[in-house]
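*Asks:* My structure is below; once you've seen it, I'll send some questions.
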Amino acid sequence: MDDVTFDVPDIRCEGCAGSIRRVLAKRAGVAAVDVDVDRRLVRVSYDAAAVGALELSKALAAAGFPPESVE
């Protein structure tokens, strides 16, 4: 499993966090999604053979939560 952390400044509440979890959990290869509302971070554990960080970033942006940076 690989991990990626996205800085997502548009996270405002637990409702946002729930939306992000649902969007990313639907992607093939995603094992876990952790959203830190206070720090506005999204950490994703995923299988790099099934999905890439760029695809996850694009899914976040399409859901209305474009990431500013990736760690």
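Taken together, the values in this text are just the output of simple stated rules run on the coordinates, not laboratory data. The structure presented is a predicted model; accordingly, all values stated were derived computationally and were not measured. Cβ: placed from backbone, ideal geometry, glycine included. Neighbour counts: every protein chain shown.
*Asks:* Does anything in region 5-41 have its amide N under 20 Å from the 7 Å Cα→Cβ label point of Ser69, and if so which residues?
*Replies:* 5-12, 34-41
*Asks:* Now for a different question. Taking only C-alpha pairs under 8 Å that are 6+ residues apart, what is the relative contact order of the chain in percent?
*Replies:* It comes to 45 percent, rounded to a whole number.
*Asks:* Considering the values (1) 61; (2) 35; (3) 71, which represents percent of Cα pairs over 16 Å apart as calculated for the structure under consideration?
*Replies:* Derived directly from the coordinates: (2).
*Asks:* Hey, rough spin-label estimate for Lys26 and Arg39, points 7 angstrom out along Cα→Cβ, what's it come to in nanometres?
*Replies:* 2.8
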